[in-house]
Amino acid sequence: MFQRIDPKNIKDNVFSLIGDQWMLVTAGTEEKCNTMTASWGGLGVLWGAPAATCYIRPQRYTKEFLDREEYFTLTFFGEEYRKALALCGSKSGRDVDKIKECGFTVRTADCGAPYFEQARLVLVCRKRFVQEMDPDRIPQDVKEKWYPDQDYHTMYIGEIVEAYCQA
Ligand SMILES: Cc1cc2nc3c(=O)[nH]c(=O)nc-3n(C[C@H](O)[C@H](O)[C@H](O)COP(=O)(O)O)c2cc1C
């Protein structure tokens, strides 16, 4: 049972929540959506509203869904889903039905954005800003370490329009 919450009442430490526990970035429709694991991103405030940021490399199948849709979701899970998140972070939805393999149940927010019933925390985001990282603005040492293939991330910032946690 999900309970709607005010994002201001999220008690988790954001660095651990995203960086250590990881999240799923999901977009699409109830019938056809895709999800991937992400451990880079942020939660904060933009344009006077709660906001979430994620960074997606160009080759991710999920990116096609993020680019097409107005909404995306970020979902966070208990430790018992670590293996599922590892799978969603190592296989592409182009090759595998990850949602089926993980046994996830797709639910949709009021706006139609897909998320998973098994999540402990759900953030429904309305895409408000998309920007490809400009390699000219990335420090040389970062480029050498993280972008040997020049696959620079695209940054997505969404306004958090709904938030739910397990009651
Ligand atoms: C722990 C972890 C964190 C990850 N974080 C990101 C991320 O922040 N951005 C990204 O583009 N890929 C990230 N990935 C890689 C994608 O999850 C992975 O390439 C996935 O298979 C893409 O699936 P898709 O092709 O179905 O979209 C991460 C993978 C793992 C295991």
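The values are calculated or read from the model by the stated rules, or taken from the named source; none is laboratory data. Remember, predicted model here, so these are calculated numbers, not experimental data. Please note: Cβ atoms are built from the backbone with ideal geometry, for glycine as well, and neighbour counts cover all protein chains shown. Please note that ligands, DNA and RNA were not included when accessible areas were found on the heavy atoms of the full protein model with its side chains. Shrake-Rupley method; radii C 1.70, N 1.55, O 1.52, S 1.80 Å.
Only residues that are more than 12 Å from the ligand (Cβ to nearest atom) and either assigned to a loop (DSSP other than H, G, I, E, B) or surrounded by fewer than 19 Cβ atoms within 10 Å (Cβ to Cβ) (or both) were counted in segment 45-66, giving 5. Determine, yes or no, whether Thr75 is touching a residue at least 12 places away in the same chain (Cβ under 8 Å) and under 16 Å from the mean Cα position of the chain (by Cα). Considered against the rule, which asks whether it is touching a residue at least 12 places away in the same chain (Cβ under 8 Å) and under 16 Å from the mean Cα position of the chain (by Cα), Thr75 comes out as yes. The residues of segment 79-116 that are open to solvent by 50 Å² or more (accessible area, probe 1.4 Å), in a loop (DSSP other than H, G, I, E, B) and touching a residue at least 60 places away in the same chain (Cβ under 8 Å) amount to a single one, Gly89. A single member of Val161, Val122 is more than 14 Å from the chain's Cα centre (by Cα), at pLDDT 95 or above and either within 16 Å of the ligand (Cβ to nearest atom) or not in a loop (DSSP other than H, G, I, E, B) (or both), and it is Val161. For segment 20-40, the candidate set comprises residues that are more than 9 Å from the ligand (Cβ to nearest atom) and small (Gly, Ala, Ser); within that set, the residue that is farthest from the chain's Cα centre (by Cα) is Gly28. Checked against the criterion of being in contact with a Leu (Cβ under 7 Å, 6 or more places away or on another chain) and either more than 11 Å from the ligand (Cβ to nearest atom) or not β-branched (Val, Ile, Thr) (or both), the candidates Cys102, Cys111 yield just one match: Cys102. Would you check if there is a residue in segment 117-140 being within 30 Å of Glu80 (Cα to Cα) and polar (S, T, N, Q)? Yes, because at least one residue in segment 117-140 is within 30 Å of Glu80 (Cα to Cα) and polar (S, T, N, Q). Among the residues of segment 1-50, those identified as touching a residue at least 24 places away in the same chain (Cβ under 8 Å) and β-branched (Val, Ile, Thr) are Ile5, Ile10, Val14, Ile18, Val25, Thr26, Thr29, Thr35, Thr37.
Taken together, Gln150, Gln131 contain a single residue that is open to solvent by 60 Å² or more (accessible area, probe 1.4 Å), assigned to a strand (DSSP E or B) and within 16 Å of the ligand (Cβ to nearest atom), which is Gln131.
Within segment 16-44, being open to solvent by less than 30 Å² (accessible area, probe 1.4 Å) and either over 25 Å from Gly103 (Cβ atoms) or among the aromatic types (Phe, Trp, Tyr) (or both) holds for one residue alone: Gly42.
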